[in-house]
Amino acid sequence: MSKKLWHFYLPQCSACAELEPIIQRVLRDHYEISYERVHLAQDPRAKQFEIRKIPTLIYLEDDAVKGRLSGLTDYAHVLTMMGLTQ
C-alpha cells in the first residue's frame, strides 16, 4: 500500500514553517509514509484539490484521499487525520 502525505504551503507562511517539525516527527514515527511539500502557487494539485487555506495536509493511500487537515495543528490531530494512533 502506498501512503503519501502532501503539505500545501507557501514560503512566506509562518504557520507552514511551524507545522514542519510536527510533520517531521510523524515521518520519523511512520517511516512508510512518503512526504511532499506542494507549493500552493506553482503546483496544479492546489487547484485540483481546491486548497483555500494554508497549511493544508492531504493524506493518501493508494492515491485515494483518506484525510485532510487545514491550519496549524498538533501531532495528535495529524495522526488522527491519517487514521493512526500515538
| remark: By residue number, the members of region 56-79 that are of a type outside the set (A, V, I, L, M) and farther than 16 Å from LYS4 by Cβ are SER70, GLY71, THR73, ASP74, TYR75, HIS77
| request: Would you check which residues across region 1-31 are farther than 15 Å from VAL78 by Cα and at pLDDT 95 or above and list them? | output: SER2, TYR9, LEU10, PRO11, GLN12, CYS13, SER14, ALA17
| Can you tell me which of ARG52, ARG28, ARG68 is of a type in the set (D, E, K, R), in contact with a Leu (Cβ under 9 Å, 6 or more places away or on another chain) and free of Cβ contacts under 8 Å to residues at least 24 places away in the same chain? | ARG68
| Can SER70 be described as among the small types (Gly, Ala, Ser) and under 10 Å from the mean Cα position of the chain (by Cα)? | yes
| query | Inside region 40-86, can you point out the residues that are on the phi > 0 side of the Ramachandran plot and of a type in the set (Asp, Glu)? | reply | GLU50, ASP62, ASP63
| request: Identify, by number, the condition in (1) in a loop (DSSP other than H, G, I, E, B); (2) surrounded by 15 or more Cβ atoms within 10 Å (Cβ to Cβ); (3) not small (Gly, Ala, Ser) that LEU60 doesn't meet. | output: (1)
| message | Tell me yes or no: at least one residue of region 35-57 is crowded, with 18+ Cβ neighbours inside 10 Å and among the aromatic types (Phe, Trp, Tyr). | response | no
| query | Of these, ILE51, ILE22, which one is within 13 Å of the chain's Cα centre (by Cα) and in a helix (DSSP H, G or I)? | reply | ILE22
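The values are calculated or read from the model by the stated rules, or taken from the named source; none is laboratory data. Just so we're clear, the structure is a prediction, and the values are computed from it rather than from any experiment. FYI the Cβ positions are ideal-geometry reconstructions off the backbone, even for glycines, and counts take in every protein chain you see.
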